[in-house]
Amino acid sequence: MLNTVRNGAIAAVIAAAALIPGSALGTGSAVPDPSGELVTNLIGRWAGNGDALFKDGKHEPFKCVVVYFTDKAGDKVKQTIRCNSTRLDLAVESNWQVSAGSITGTWRETKYELKGTLLGSMDPEGYNLYAENEFANATISVRTSACQQDVVMKFSKEVDTLTAQLKKC
């Protein structure tokens, strides 16, 4: 079952990447790769509040801080995520490589010492990621502007969905 879900999610990410102008998977004419600028616009500390929906149907508000660091070219990203509430304590570090709009990388949850892989794509409005390891998986959608990120994370385990609005300005 997990392989079917994983393969379906990977196929969806690859299909989305194929639609990105300038993507190595795209079939259109060569377009300059905008992902470097999109990545460098992420740099900084984003903070805000969100809502966690658990598999048992209960909701809980949480606070979250996400920090992005990149190299000058905008093709390597280090991200730290800290979100917490009474029932939720999430501490994740991830490292991405961005090439022609496609994202690959690794993540590590520091409290429970879990780690896994990332696969995704950038688009003009933000990025989408698929994170997995041998125990669970998650999809992450981040729509971003100069001062705000709208985040939706869907999980396969105890937490169903996290939604958050993070501000930088």
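Please verify whether segment 59-67 includes one or more residues that are more than 14 Å from residue 163 (Cβ to Cβ), in contact with a strand residue (DSSP E or B) (Cβ under 9 Å, 6 or more places away or on another chain) and surrounded by fewer than 14 Cβ atoms within 10 Å (Cβ to Cβ).
no
Looking at 146, 100, which is the one that is more than 21 Å from residue 48 (Cβ to Cβ), at pLDDT below 95 and of a type in the set (A, V, I, L, M)?
Residue meeting the stated conditions: 100.
Among the listed residues 48, 120, identify the single one that is closer than 18 Å to residue 150 by Cβ and either within 14 Å of the chain's Cα centre (by Cα) or β-branched (Val, Ile, Thr) (or both).
Checking each option against the conditions leaves just 120.
If you go through segment 61-108, how many residues are part of a strand (DSSP E or B), aliphatic (A, V, I, L, M) and touching an Asp or Glu at 6+ places or on another chain (Cβ under 7 Å)?
The initial filter retains those residues of segment 61-108 that are part of a strand (DSSP E or B), namely 61-70, 76-84, 89-99, 102-108.
Then keep just the ones that are aliphatic (A, V, I, L, M); that gives 65-67, 77, 81, 90-92, 98, 103.
Filter once more, keeping what is touching an Asp or Glu at 6+ places or on another chain (Cβ under 7 Å): 91-92, 98.
Of the residues in segment 61-108, 3 are part of a strand (DSSP E or B), aliphatic (A, V, I, L, M) and touching an Asp or Glu at 6+ places or on another chain (Cβ under 7 Å).
Every residue in segment 109-137 that is farther than 22 Å from residue 76 by Cβ, part of a strand (DSSP E or B) and without any contact (Cβ under 8 Å) to a residue 60 or more places away in the chain, please.
Answer for segment 109-137, where residues must be farther than 22 Å from residue 76 by Cβ, part of a strand (DSSP E or B) and without any contact (Cβ under 8 Å) to a residue 60 or more places away in the chain: just 114.
Quick one: which of 111, 115 is of a type in the set (D, E, K, R), at pLDDT 90 or above and either farther than 21 Å from residue 152 by Cβ or in contact with a helix residue (DSSP H, G or I) (Cβ under 6 Å, 6 or more places away or on another chain) (or both)? Write out each step before concluding.
On the way: 111 fails: at pLDDT 90 or above.
Answer to the selection: 115.
The values are calculated or read from the model by the stated rules, or taken from the named source; none is laboratory data. These numbers come from a predicted model, not from an experiment. Reconstructed Cβ throughout: ideal geometry from the backbone, glycine too, with neighbour counts over all protein chains shown.
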